[in-house]
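Below is one structure, written out as structure tokens; comments come after it.
Readers should treat all values here as calculations from the given coordinates under stated rules, not as data from a laboratory. All figures in this text were calculated on a predicted structure; none of them were measured in a lab. Neighbour counts are summed over all protein chains in view; Cβ atoms, including those assigned to glycine, are modelled from backbone coordinates with ideal geometry.
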Amino acid sequence: MRKTHPTEQSAADAAPISCTSTCPRKAGWLEERLQLSAFQEKYGHKAFPVHSTFFLGETAAISFLILVVTGIYLGLIYTPSISEISVAGQRLPEAFASVQLIESIPAANLIRNVHHWAAHVMIAAILLHAFRVFFTGTYRKPRELTWLLGVLLLGMTLAAGFVGYALPWDAFAVTATGIGFGLARSIPVVGHVLGDLFFGGAFPSLGSLPRLYTIHVVVIPLSILGVMSLHLLLVLKQKHSMPGYAKKLAEPGKVLGISLWPNHALLAGQLLFLVLGGLSLLAAFVPVHPLAAYGPPTPETPAVKPDWYLLWIFGFLKLIPAGVGMTLGPVTIGPEFLGGVLFPASVIGAMTLVPWLDRTNRRVLRRFEYLEPPPQAPLRLALGVGALAFVAMLLFASYYDQIGLTLGQIWLLVLSLPVVVAAAIFSWSWVTRQRRGSVARFDPTSDA
Amino acid sequence: MKHILTPDKTASPGNDHDHPSSLEEPLRQPRDRRRTVLGWMVGIAAGAFAVSFAVPAAVLKALMLDKPGIAIGDVLTYVDTTTGGQPGQPFKASDLPIGGSAQLFPMGKADNQDSLVLVVRIAAGDGVGGLVAYSAICTHLGCAVNEKLNRDNLILCPCHGSVYDPVDHAAVRRGPSDRALPGIPIADGPNGSVIANGLFDGPIGPQ
């Protein structure tokens, strides 16, 4: 059968002639092959609610992107080795010398500072994002898994920040990482194995930097990428939670917002440039951790404090009085384990369990699709602010001996102030709720 | 179009709800058991696959620094110029006033942080008389303790504020540390220098 069907032939020939203004536009090269319009049809019209606090998670994702790109650039120069080499007549660890080289190139130094600042911004954005989700109660059904993955992302980002401390191999790096090694080893039974695994044998050893470097540039970023993708897929699948006003405007079961493509994408693009611009300004004018501030490692220990995002653990470590700990057969629980491993693990664990600790999540069978005004849930607001006050007091506690307080005084402050704050917030919002009555109460669940 | 395999349908094709349960049971059971066994086998295989990663993880060795520790007879030398000496030059017992302290390394072993020694003069005396020597590595998390004593003539760790008493065998005076700094016997060496006369009497740093 050589000849094609005559009817088809004639239709194809006739079309270009008869078609004028009503003619469908010729599909582009990519469209012909990939049918992108079908993709756009399916996902591009997804509605994304707009609220000023809905950009915090995106800010974290953008910071991550910037961290990856700047990190790749830095990795092209950086050498993960502690072997001593001669640089301008001075014996220096190779890693330190390579960071010195980065600092000596203005453009590379800017990128290093952007990398450092982006880490701070990413962690701050994740925390603020978590506060927004917590105080508006949107971690509840159906978004428990999204919250769980979010806590995991926070933990991995903190870990990435800590491992990043080690890389410049200055006096600060060696001290801070050495403390991390001590904490890892303090874990009962498996501590020594874990310490050797993650720090490349007894720290500091020649194996330490290659291992920490691989963890910092491959293991953690890939894990973050995977978990973040899952986190975003869940948002796409379950739809974003909505601000309260959407309940009046949109039909039940519908999402009020702007379309993913092009409107939301445009906003995200603007945010990318805003974050990048802000980071570049910070990097250019506010130096972070210049090598000269600590110098190469020495036998002495500089008085180091970790960055703000780990300072609460540091504060708690300082609060542990002498003689705390116990030995049960082969298991030794020391003050380092209690303060540096068990305490932060319980804080992260409590965060993880939030959706299951919230009783309203069990009582109400419908889905929580709208942000709840924080004062409407006095207990949650009080516990949340109380927990924040506790962390703030731990930051304060990391300076207690410099301020001249005794251990007893600072313990009293750390324990009492958060309780007072929580009690005050609880009674205030309780009274407000009672006064307004049930009329003004907003139901954050979906009617559908 | 969704294709869902319900256990009912696959277990007994053509199963009808009118069937009495006594007839249903013999049909369902062998297939269910096979599925359970298969499920277990898949689970065990997946678990074994995951566990097999533990072996390469456990043998992940790394290059270690060759770090000789302190030995009897090692001459103690200054670490830096803070207390008036020159780095690498032998420490002289007569250099320290009462309440003075210095960080020292055994000669030629400055690569090993664990052999860092803190000597403190707690009383007047000739040679090593009135001197005490401890490991300078904090037993809390392995920071080096401050070279200078604090206002109360106690040894302070700059990291988390542990305090040790040099007069009382470096016993812990304030937490978070829970173990005294290990001590080390010292003796007079040639030309007024000081030598190690034994090994540390406890493990160095956090355990």
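Some points to look at:
- Only Lys, Arg (+1) and Asp, Glu (-1) charged, at Cβ; the protein assembly as shown dipole about Cα centre in debye: 2840
- Here A:Lys141 is the anchor, and the lysines within straight C-alpha reach of less than 20 Å, apart from those fewer than 8 places off in the same chain, are A:Lys237, A:Lys239, A:Lys247, A:Lys254.
- Mean separation of Cα contacts under 8 Å (6+ apart) over length of the range B:76-196, as relative contact order %: 21
- Residues whose amide H falls under 5 Å from that of A:Ile85, counting only those 5 or more places apart or on a different chain, are A:Leu92, A:Glu94, with hydrogens built in the peptide plane.
- Calculated [θ] (222 nm, deg cm²/dmol) that DSSP helices of n ≥ 4 give over chain A, each run adding -39,500 (n - 2.57): -19500 deg cm²/dmol
- Karplus-derived HN-Hα couplings along the range B:41-54 (A = 6.51, B = -1.76, C = 1.60, θ = phi - 60°), whole Hz, x at Gly and Pro: 5, 4, x, 5, 4, 5, x, 4, 4, 5, 5, 4, 5, 5
- The H on the amide N of B:Arg174, modeled in the peptide plane, is under 5 Å from the matching H of B:Val163, each at least 5 residues off or on a different chain.
- Measure of compaction for the range B:50-130 (Cα Rg per 2.2 N^0.38 Å): 1.64
- Close amide H contacts of A:Ser259 (hydrogens built in the peptide plane, cut-off under 5 Å, sequence separation of 5 or more or a different chain): A:Phe48, A:His264.
- Kirkwood Rh, angstrom, the range A:48-301 [1 / mean 1/r, Cα pairs]: 20.2
- Phi-based couplings in Hz for the range A:68-83 (Karplus 6.51, -1.76, 1.60; Gly and Pro marked x): 5, 5, 5, x, 4, 4, 4, x, 6, 9, 5, 10, x, 9, 9, 4
- The orientation-averaged projection of the convex hull spanning the C-alpha atoms of the protein assembly as shown amounts to 47.6 square nanometres.
- Length-normalised contact order for chain B - Cα pairs under 8 Å, 6+ apart - percent: 16
- Calculated on the Cα set of the range B:144-189, radius of gyration then Dmax: 11.1, 36 Å.
- Each Lys and Arg Cβ is given +1 and each Asp and Glu Cβ -1; about its Cα centre, the range B:149-195 then shows a dipole of about 160 debye.
- Descending principal axes extents, the range B:76-196, alpha-carbon based, whole Å: 40, 32, 23
- Taking every residue in B:136-147 and counting other chain Cβ atoms within 10 Å of its Cβ, the average works out to 6.
- Peptide B:55-62 has a mean shielding of 4, counted as Cβ atoms of other protein chains within 10 Å of each residue's Cβ.
- Rounded if a/c under 1.5, otherwise prolate or oblate - the range A:263-392, Cα gyration tensor axes: oblate
- Exposure proxy for A:His231, A:His120: other Cβ atoms within 10 Å of each Cβ, ordered fewest to most, give A:His120, A:His231.
- Exposure proxy ranking, count of Cβ atoms within 10 Å, fewest first, for A:Phe396, A:Phe96, A:Phe368, A:Phe54: A:Phe396, A:Phe54, A:Phe368, A:Phe96
- The percentage of C-alpha pairs in chain B whose separation is greater than 27 Å is 51%.
- With R₀ set to 35 Å, the beta-carbon distance separating A:Ile85 from A:Leu110 gives a calculated FRET efficiency near 0.85.
- Per residue of peptide B:111-117, the mean number of Cβ atoms on other chains within 10 Å of the residue Cβ is 2.
- Each Cα pair under 8 Å and six or more residues apart adds its separation to the average, and for chain A the resulting relative contact order is 20 percent.
- 3J(HN,Hα) along the range B:106-112, derived from phi through the Karplus expression 6.51 cos²θ - 1.76 cosθ + 1.60 where θ = phi - 60°, amounts to x, 4, x, 10, 6, 6, 9 Hz, with x in place of Gly and Pro.
- Residue ranges B:139-146, B:78-85, B:152-159, B:58-65 sort as B:139-146, B:152-159, B:78-85, B:58-65 when ordered by packing (mean number of other C-beta atoms within 10 Å per residue, highest first).
- Value of [θ]222 nm, deg cm²/dmol, for chain B, DSSP H segments ≥ 4, -39500 (n - 2.57) each, nearest 500: -6500 deg cm²/dmol
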